[in-house]
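*Asks:* Once you've had a glance at the structure underneath, I'll fire off some questions.
The values are calculated or read from the model by the stated rules, or taken from the named source; none is laboratory data. A quick note: this is a predicted structure, and the numbers were derived from the prediction, not measured. As a convention, Cβ positions derive from the backbone with ideal geometry for all residues, glycine included, and neighbour counts pool all protein chains shown.
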Amino acid sequence: MMALKPSRTPTPTAGRFESDPSVGPVTIPIYRAGRLFTTMHPAERLRGARSLKLQGKTIVLGVTGSIAAVETVKLAHELIRHGAEVYAVLSRSAAEIIHPNALQYATGHPVVTAITGAMEYLEMCGRDGKADLLLIAPCTSNTIGKIAHGIDDTTVTTYAVNALGSGIPVLVAPAAHESMMDNPTVVANFRRLKEIGIEFIDPRREEDKAKMADVETIAARVIRRLGPRDLAGMHVLVVTGATIEPIDDIRIVTNRSTGGTGIELAKVAFEHGAEVELWLGRHETPVPTWLPYTSFATTADLAAMAEKVDADVCVVPAAVSDFTPSKKAKGKISSREGGLTLDLEPTPKILDRFRKGTRKVLVGFKAEAGVTSAELKARAMALVKEADLDLVVANDISKVKGDTTSVTIFDRKGESDAFEGSKALAAERVWRAVLHGVRE
């Protein structure tokens with residue numbers, strides 16, 4: 001077995017949870033009629049458009065000879081949209097599928113297609129290399145086999161062998177036919193590489209192929225690998241979306257909920273290294289493909305699930321119905337019969353049921369409308385006592401607009417942290433409070 005240095009600790013981003021833009025745009029000198037002009041490279045116009053979670057990070061994108069190489073322009077752009085600096089390295093086979101000019105356009109940097117006397121790999125992946133991560137996407141089974149046995153006869157494998165010897169993290173997104181992926185020798189090579197610290201991004205198995213993961217999934221895994229990882233080792237449960245209570249076999253009673261806050265909380269927890277379990281009711285916000293979930297429907301369903309909670313941290317922004325029809329009609333109630341009067345009865349309060357299986361921090365949510373700050377705090381603190389919460393996130397839903405929100409986080413002592421901004425940054429604020437609670 002190879003002897004390897006421990007993986008290099010990723011360089012910290014600005015702040016633990018929130019980054020501030022500070023990287024200026026790169027300009028290109030252009031001479032026209034003897035005069036010097038400058039213009040911004042197209043890649044720079046994308047930088048930080050989605051987030052700054054990869055700001056200050058340098059990623060080497062190794063591309064090997066799979067047809068999935070055609071996706072690497074999109075992949076490079078996605079990483080740049082999160083603030084990364086991306087440099088592409090193509091194997092000879094990859095260059096026959098996607099032209100180096102395409103990736104020079106995508107990254108704004110010259111593309112390495114051959115190792116020369118300049119020893120390009122040392123600048124990025126040597127002992128003093130500036131790469132924070134080597135991402136090989138797509139990675140063929142041939143390349144996996146070579147790296148597993150220390151063979152460096154292509155540009156990409158040379159970068160990989162040096163990265164492993166320098167403690168630079170290596171993340172691999174395989175792509176191949178299923179028959180190749182299931183070959184016992186290839187399976188053994190996967191196992192060998194996992195043993196020496198290489199991480200794999202599982203492919204999508206469809207149409208008899210193990211297709212490279214989509215670019216959003218790969219970007220999320222890169223962010224997770226290079227992030228602060230301050231939630232690593234924690235099993236986190238996020239419960240979000242609305243419950244539904246049936247009136248008949250067609251109609252329901254429910255609460256207004258997009259599920260967006262909970263989905264953002266799950267995304268941020270994943271990016272910070274947690275093992276995330278997501279329970280999801282009725283929702284409108286799309287769920288990322290890389291975030292699996294378990295569905296629930298009624299309050300009774302969720303109450304039964306709550307008895308089986310096993311998590312370090314449980315966060316419950318779910319919009320649980322307070323009332324349910326006392327009787328469910330069979331079939332569909334005819335609208336031709338005139339008016340309809342519903343007899344509603346209260347549902348049991350279930351938030352406290354999550355306490356038993358939560359080892360460290362239980363977070364509840366309190367949504368109100370048209371209340372004063374004092375009233376909001378009083379109701380939030382009442383919920384803390386009622387459900388034995390460690391934290392409660394309270395907000396006035398009349399102040400929620402689109403992707404923005406206004407929340408106040410209260411601890412058991414009534415100390416608060418108010419925040420107004422995007423749901424994504426609000427989610428990071430909640431996790432910061434959770435970490436503070438765990439450390440206490």
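*Asks:* Give the residues of segment 172-206 that are over 20 Å from His149 (Cα atoms) and over 26 Å from the mean Cα position of the chain (by Cα), sorted by residue number.
*Replies:* The answer is His177, Glu178, Ser179.
*Asks:* A further question on this structure: Looking at (1) buried (at least 21 other Cβ atoms within 10 Å of the Cβ); (2) within 22 Å of the chain's Cα centre (by Cα); (3) not basic (Lys, Arg), which is the only condition His436 fails?
*Replies:* (1)
*Asks:* Tally up the residues in segment 394-429 that are among the aliphatic types (A, V, I, L, M), touching a helix residue (DSSP H, G or I) at 6+ places or on another chain (Cβ under 6 Å) and touching a residue at least 40 places away in the same chain (Cβ under 8 Å), please.
*Replies:* Final tally of qualifying residues: 2.
*Asks:* Can I ask one more? Residues of segment 178-210 being surrounded by 18 or more Cβ atoms within 10 Å (Cβ to Cβ), at pLDDT 95 or above and part of a helix (DSSP H, G or I), which ones?
*Replies:* Within segment 178-210, Val186, Asn189, Phe190, Leu193 meet the criteria.
*Asks:* Go through the residues of segment 93-103 one by one and say whether even a single one is assigned by TED's automatic domain parsing to the domain that holds Val215, buried (at least 24 other Cβ atoms within 10 Å of the Cβ) and within 24 Å of Lys57 (Cα to Cα).
*Replies:* Yes, segment 93-103 has at least one match.
*Asks:* Something else: Of the residues Ile136, Ile80, which is within 24 Å of Asn189 (Cα to Cα) and either within 28 Å of the chain's Cα centre (by Cα) or surrounded by 22 or more Cβ atoms within 10 Å (Cβ to Cβ) (or both)?
*Replies:* The conditions single out Ile136.
*Asks:* Any chance you could count how many residues in segment 243-272 are among the hydrophobic types (A, V, I, L, M, F, W, C), over 19 Å from Asp310 (Cα atoms) and buried (at least 24 other Cβ atoms within 10 Å of the Cβ)?
*Replies:* Number satisfying all stated conditions: 2.
*Asks:* Is it fair to say Val222 is part of a helix (DSSP H, G or I), more than 30 Å from Leu340 (Cβ to Cβ) and outside the structural domain of Val316 (by TED's automatic domain parsing)?
*Replies:* Criteria met by Val222.
*Asks:* Mind checking which residues of segment 111-165 are among the small types (Gly, Ala, Ser) and within 19 Å of His99 (Cα to Cα)?
*Replies:* Ala114, Ala137
*Asks:* Let me ask another. Yes or no: segment 368-380 includes at least one residue that is of a type in the set (Gly, Ala, Ser), within 21 Å of Thr240 (Cβ to Cβ), exposed (fewer than 15 other Cβ atoms within 10 Å of the Cβ) and in the same structural domain as Met305 (by TED's automatic domain parsing).
*Replies:* Yes, that holds for at least one residue.
*Asks:* Counting just the residues of segment 404-426 that are at pLDDT 95 or above and surrounded by 20 or more Cβ atoms within 10 Å (Cβ to Cβ), which one comes out farthest from Gly260 (Cα to Cα)?
*Replies:* By that ranking, first place goes to Phe410.
*Asks:* Taking segment 132-177, which residues are charged (D, E, K, R) and either in contact (Cβ under 8 Å) with a residue 60 or more places away in the chain or assigned to a strand (DSSP E or B) (or both)?
*Replies:* Asp132 - this is the single residue of segment 132-177 that is charged (D, E, K, R) and either in contact (Cβ under 8 Å) with a residue 60 or more places away in the chain or assigned to a strand (DSSP E or B) (or both).
*Asks:* Next question. Considering only residues of segment 383-407 that are assigned to a loop (DSSP other than H, G, I, E, B) and not β-branched (Val, Ile, Thr), which is nearest to Val361 (Cα to Cα)?
*Replies:* Residue satisfying both the conditions and the ranking: Asp390.
*Asks:* Just checking, how many residues over segment 387-422 are small (Gly, Ala, Ser) and in contact with a Leu (Cβ under 8 Å, 6 or more places away or on another chain)? Walk me through how you get there before you give the answer.
*Replies:* Residues of segment 387-422 that are small (Gly, Ala, Ser), as a first pass: 387, 394, 398, 402, 406, 414, 416, 418, 421-422.
Retained after the next criterion (residues that are in contact with a Leu (Cβ under 8 Å, 6 or more places away or on another chain)): 387, 394.
The number of residues fulfilling the criteria is 2.
*Asks:* Can you find a residue in segment 364-378 that is assigned to a strand (DSSP E or B), touching a Leu at 6+ places or on another chain (Cβ under 8 Å) and under 20 Å from Glu264 (Cβ atoms)?
*Replies:* Yes, segment 364-378 contains at least one residue that is assigned to a strand (DSSP E or B), touching a Leu at 6+ places or on another chain (Cβ under 8 Å) and under 20 Å from Glu264 (Cβ atoms).
*Asks:* Within segment 256-275, is even one residue touching a residue at least 40 places away in the same chain (Cβ under 8 Å), more than 21 Å from Val438 (Cβ to Cβ), among the acidic types (Asp, Glu) and out of contact with any helix residue (DSSP H, G or I) (no Cβ under 6 Å at 6 or more places or on another chain)?
*Replies:* Among the residues of segment 256-275, not one is touching a residue at least 40 places away in the same chain (Cβ under 8 Å), more than 21 Å from Val438 (Cβ to Cβ), among the acidic types (Asp, Glu) and out of contact with any helix residue (DSSP H, G or I) (no Cβ under 6 Å at 6 or more places or on another chain), which makes the answer no.
*Asks:* Right, another one. So, Glu78, is that one within 28 Å of Glu195 (Cα to Cα), part of a helix (DSSP H, G or I) and not basic (Lys, Arg) or not? Even if it seems obvious, please write down each step before you answer.
*Replies:* Details: within 28 Å of Glu195 (Cα to Cα): no; part of a helix (DSSP H, G or I): yes; not basic (Lys, Arg): yes.
The answer is no for Glu78.
*Asks:* Given the condition among the polar types (S, T, N, Q), more than 19 Å from the chain's Cα centre (by Cα), assigned by TED's automatic domain parsing to the domain that holds Ala163 and part of a helix (DSSP H, G or I), answer yes or no: does some residue in segment 61-71 qualify?
*Replies:* Scanning segment 61-71, I find no residue that is among the polar types (S, T, N, Q), more than 19 Å from the chain's Cα centre (by Cα), assigned by TED's automatic domain parsing to the domain that holds Ala163 and part of a helix (DSSP H, G or I), so the answer is no.
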